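J.: Got a structure for you, questions after.
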Amino acid sequence: MVWPFGRKASESNDLPIHGQWAVATGEDELDGSVTIMRLNTSYREVGSVPGYEHQVGIAVPFHAPEATGLPSPEENVELTAIEDAICPAIEEQAQSLLVAIITTGGMREFVFYTRAPQEVQKQFERLRERITSHEIQLMIQPDKNWDVYAQLRT
């Protein structure tokens, strides 16, 4: 207990922030579209993390996706730079936890859980000013039980 306010939020040392990651790929037989998902599998063991009760999605639509729905090698370089900007900003001081990155259908989505949705909104606005090569989109929704993560890991 932290006096006088109650339970202490999870410490970043207790979380598998840099845990085990797995990569899964799939292809739609009808249209040839491809999905690539990177998933922090360490949260399978941990489950939902108390206090991180909002799911955050930051989507980055591609300029010119290939027929598979994936980015060109040139655009992928830009997307890597965007990832290098988004992830540390949103994860700052373990306010949010990156659980998955999904690339499919002409976009890349970063999936986080946060204990500070208002701070994520502020960080997102700063990122929107910094990231000029692509539009970035934000969605925040309550997900106390980590249902989105559960769907991704099946």
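J.: Conditions: (1) buried (at least 18 other Cβ atoms within 10 Å of the Cβ); (2) small (Gly, Ala, Ser); (3) farther than 17 Å from Asp143 by Cα. Ser96 meets all but one. Number of the miss?
T.: Tallying (1) buried (at least 18 other Cβ atoms within 10 Å of the Cβ); (2) small (Gly, Ala, Ser); (3) farther than 17 Å from Asp143 by Cα, Ser96 fails exactly one: (3).
J.: Continuing with the same structure: What number of residues within region 52-69 satisfy the criterion of being hydrophobic (A, V, I, L, M, F, W, C) and either within 10 Å of Met107 (Cβ to Cβ) or out of contact with any helix residue (DSSP H, G or I) (no Cβ under 9 Å at 6 or more places or on another chain) (or both)?
T.: Residues that pass the stated criteria total 4.
J.: Being under 13 Å from the mean Cα position of the chain (by Cα) and either farther than 17 Å from Val23 by Cα or among the charged types (D, E, K, R) (or both), is that true of even one residue in region 115-133?
T.: First, the residues of region 115-133 that are under 13 Å from the mean Cα position of the chain (by Cα): 120, 124.
The next check asks that each one be either farther than 17 Å from Val23 by Cα or among the charged types (D, E, K, R) (or both); those that pass are 120, 124.
Checking region 115-133: at least one residue is under 13 Å from the mean Cα position of the chain (by Cα) and either farther than 17 Å from Val23 by Cα or among the charged types (D, E, K, R) (or both).
J.: Tell me which of these Phe62 doesn't satisfy, since it passes every other one: (1) at pLDDT 95 or above; (2) in contact with a His (Cβ under 9 Å, 6 or more places away or on another chain); (3) surrounded by fewer than 19 Cβ atoms within 10 Å (Cβ to Cβ).
T.: With (1) at pLDDT 95 or above; (2) in contact with a His (Cβ under 9 Å, 6 or more places away or on another chain); (3) surrounded by fewer than 19 Cβ atoms within 10 Å (Cβ to Cβ) applied to Phe62, the lone miss is (3).
J.: Which one of the conditions (1) touching a Phe, Trp or Tyr at 6+ places or on another chain (Cβ under 6 Å); (2) at pLDDT below 95 does Arg115 fail to meet, given that it meets all the rest?
T.: If we test Arg115 against (1) touching a Phe, Trp or Tyr at 6+ places or on another chain (Cβ under 6 Å); (2) at pLDDT below 95, just (2) comes out false.
The values are calculated or read from the model by the stated rules, or taken from the named source; none is laboratory data. Computed from a predicted structure; not experimentally measured. Here Cβ is always computed from backbone atoms with ideal geometry, including for glycine, and neighbour counts include all displayed protein chains.
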